[in-house]
Amino acid sequence: MARLVFFTIHSTTPWWQYLASRMEFADAVVMSDLRDDGDYSLVDDFYRFVDRGDAASVALARFGEEGCADVILRCRVLRSIDRDLALRMIGGMTQAIEQAFDKLDPHLIMTFTIDRYVMDVMERTARRRGIDFLEMTTSIIPDQVMLMRRGRPAWLREPSSEDIDAAVGQLCTEDFAPSYVRGAKRFSRARFWRIFGYYAVRGAFFNVWRFLKRDRYNCHYLDALKRLRHKVRVRDAAALKLLDHDWDKRLADLPRERRVFLGLQLFPEASMDYWLRPPGMLAHDDVLVRYCEVLGRAGYRIFVKDHPLQFGFRQRELFERLSKLPFVTLVPYDVPANLLIGKCGVSVTFTGTIGLQAALAGLCSVATEPYYATEQHFVHIRDVGEIDALAERLARWRLPDDLATMRREVVRHLAAISVEGDYFGWRDFDPTNAAARASVEPLARSLNAHLPRFLKSCKNAA
């Protein structure tokens with residue numbers, strides 16, 4: 001029988017194991033990089049290879065200098081540690097994964113879309129062996145999931161007209177917001193300090209826990225440490241003072257078509273920004289400032305609003321750089337994104353869902369390799385060098401003659417890469433709870449229906 005490997009992450013293993021039990025087309029195994037977790041753990045092999053002395057050389061042999069530099073650049077943990085240790089971790093994990101593949105002989109691998117070098121190394125190793133590596137993430141269509149390959153969508157089905165109509169009806173309401181941000185509504189200074197305090201304690205806990213678990217280089221534990229470069233510090237509370245609570249008064253300065261909504265994303269991204277192909281686009285803050293400088297000089301005013309889930313995690317340096325630009329307004333966290341979409345004529349983002357919402361509302365949506373973007377309905381910026389000509393491209397852009405038709409074409413693409421399933425069912429999943437088990441069934445049906453086509457050929461895989 002075909003072998004399917006699910007790669008789990010912290011706190012999701014019971015959910016993955018129950019999902020594995022519902023697979024009908026393959027023998028499913030849950031693999032983990034946590035000690036004593038899942039059906040197969042990489043931990044002991046990882047440290048055996050890391051401590052052997054040649055792990056860095058193995059990393060360079062497998063991926064080359066350029067490949068290793070790319071893995072380090074994309075992973076927020078590896079960027080913050082000594083390069084030699086990062087190479088050792090890459091080499092140790094690569095060998096542990098290779099040994100796991102030798103033992104398990106997978107015909108398909110699936111995990112979440114998340115920014116970790118472990119997934120990156122696993123995908124590269126699987127690709128060399130001709131094994132498909134799929135990342136599952138939530139779709140902006142409610143109660144649906146998508147499958148990706150290094151951030152690029154995998155086509156799953158031809159949606160019916162009824163599917164498209166239903167999705168258009170959900171996505172084009174004035175108050176629509178993705179499910180993962182609907183609860184983020186309180187942004188007081190007191191909440192900032194509660195978040196800061198919680199994650200300071202959490203970081204201290206994991207700094208001890210990683211040694212107690214004999215897993216000192218685990219990516220999940222390291223990512224919690226407050227000393228990493230991307231972590232918020234006490235002085236970053238000053239960023240809140242830079243927000244303009246009179247932002248709406250700036251709207252009258254320019255007509256709607258000259259107002260730009262720049263919606264920030266989670267950074268470091270636990271998102272598909274991890275997989276952006278051009279390395280230059282990964283210099284997130286520099287790219288944002290360049291967008292603002294180019295558009296500001298061309299006569300636009302840019303309204304910058306942070307992602308609601310980034311509250312309490314944004315370092316002040318970006319806001320300080322943007323606040324010095326006279327054509328930039330920093331909008332408070334509690335202003336709804338839909339309000340800004342309604343007030344602006346242009347949207348700029350990387351892969352964020354704001355870009356989709358803006359396009360469906362008739363704005364000129366500038367984006368970089370997002371899963372939802374059709375070629376003809378978005379302004380694509382695929383490399384940093386293309387930003388300098390953006391103003392000229394905006395001047396040539398015209399609102400679609402038939403917005404309803406355009407919406408259906410964009411949503412058709414999104415529906416074709418989305419299928420039924422509860423992505424967040426892993427939260428507090430209890431396999432003894434009948435309701436929790438029932439919540440997994442739609443996703444199990446979808447995976448049983450669509451995953452077989454991605455199997456690496458084997459004698460018994462149909």
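The values are calculated or read from the model by the stated rules, or taken from the named source; none is laboratory data. Predicted model, so just to flag it, every value in this text is computed and none were measured. Glycine gets a Cβ as well: all are built from the backbone with ideal geometry, and neighbour counts include every protein chain shown. Just the protein is used for accessible areas: all its heavy atoms, side chains included, with ligands, DNA and RNA removed. Shrake-Rupley method; radii C 1.70, N 1.55, O 1.52, S 1.80 Å.
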Next item on the list: Name all residues of the stretch 182-211 having a backbone nitrogen under 14 Å from the label point set 7 Å from the Cα of Asp51 along its Cα→Cβ direction, giving them as ranges.
Entry: 211
Margin query: Please report, in whole Å³, the volume per residue of the convex hull around the C-alpha atoms of the stretch 338-462.
Written below: 185 Å³
Item checked: For the stretch 97-206, diffusion coefficient by Stokes-Einstein and Kirkwood Rh (Cα), 25 °C, 0.890 mPa s, µm²/s -> 138 µm²/s
Notebook entry, point to check: Which ³J(HN,Hα) values in Hz, rounded to whole numbers, follow from the phi angles of the stretch 380-396 under the Karplus curve 6.51 cos²θ - 1.76 cosθ + 1.60, where θ = phi - 60° and Gly and Pro get x?
Noted result: 8, 10, 9, 8, 4, x, 6, 5, 4, 9, 5, 4, 5, 5, 5, 5, 8
Check: When the gyration tensor of the stretch 226-326 is built from Cα positions, what are the square roots of 5 times its three eigenvalues, in whole Å, from largest to smallest?
Finding: 24, 18, 12
Note to self: Along the Cα→Cβ direction, 7 angstrom out, place labels at Ala283 and Thr432. What is the inter-label distance in nm?
What the structure shows: 5.5 nm
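Given a Förster distance of 56 Å, report the FRET efficiency between Thr173 and Asp102 from their Cβ-Cβ distance, rounded to the nearest 0.05.
On the way: r = 51 Å, r/R0 = 0.91.
Step by step, r from the Cβ atoms, then E = 0.65.
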Item checked: Cα-based convex hull, the chain, per residue volume (Å³, whole number) -> 149 Å³
Notebook entry, point to check: Once the Cβ-Cβ distance between Arg256 and Trp155 is put in as r, and R0 is 30 Å, what FRET efficiency do you end up with, to the nearest 0.05?
Noted result: 0.25
Check: Between Phe205 and Trp397, what length comes free when the chain is fully extended (0.36 nm per residue of separation minus the Cα-Cα distance, one decimal in nm)?
Finding: 63.9 nm
Checklist line | Separation of the Ala237 and Ala166 label points, Cα + 7 Å toward Cβ, nm | finding: 4.8 nm
Next item on the list: For the stretch 268-348, list log₁₀ I(q)/I(0) at each q in 0.17, 0.22 Å⁻¹, using the Debye formula over Cα point scatterers of equal strength and ignoring solvent, two decimals each.
Entry: -0.79, -1.29
Checklist line | Per residue solvent-accessible surface (Å²) - the stretch 406-451, probe of 1.4 Å | finding: 44 Å²
Item checked: Computed over the stretch 13-148, Kirkwood Rh from alpha-carbon pairs, angstrom -> 15.8 Å
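Which value at 222 nm does the chain reach when only helices count, each DSSP H run of 4 or more adding -39,500 (n - 2.57), with the total divided by all residues and rounded to the nearest 500 deg cm²/dmol? Show your work: numbers first, answer last.
On the way: 15 runs with 186 residues, N = 462.
Rounded to the nearest 500, it is -12500 deg cm²/dmol.
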Next item on the list: Could you provide, to the nearest whole Å², the per residue accessible area of the stretch 1-67 with probe 1.4 Å?
Entry: 41 Å²
Notebook entry, point to check: How about the stretch 155-240: which chymotrypsin sites (Phe, Trp or Tyr not before Pro) there are in a DSSP loop, with at most 13 other Cβ atoms within 10 Å of their Cβ?
Noted result: Trp155
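Hand me the GluC sites (Glu not before Pro) from the stretch 375-462 located in a DSSP loop with no more than 12 other Cβ atoms within 10 Å, in residue order please.
Passing both the DSSP loop test and the Cβ count: Glu375.
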Next item on the list: Give the shape of the stretch 151-237 as rounded, prolate or oblate, defined through the alpha-carbon gyration tensor: a ≥ b ≥ c are the square roots of its eigenvalues, a/c under 1.5 means rounded, and otherwise the shape is prolate if a/b is larger than b/c and oblate if not.
Entry: oblate
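Compute and list, largest first, the equivalent-ellipsoid semi-axes of the stretch 277-399 from the alpha carbon gyration tensor, each √(5λ) rounded to a whole angstrom.
Values: eigenvalues 83, 58, 48 Å².
Result for the stretch 277-399: semi-axes of 20, 17, 15 Å.
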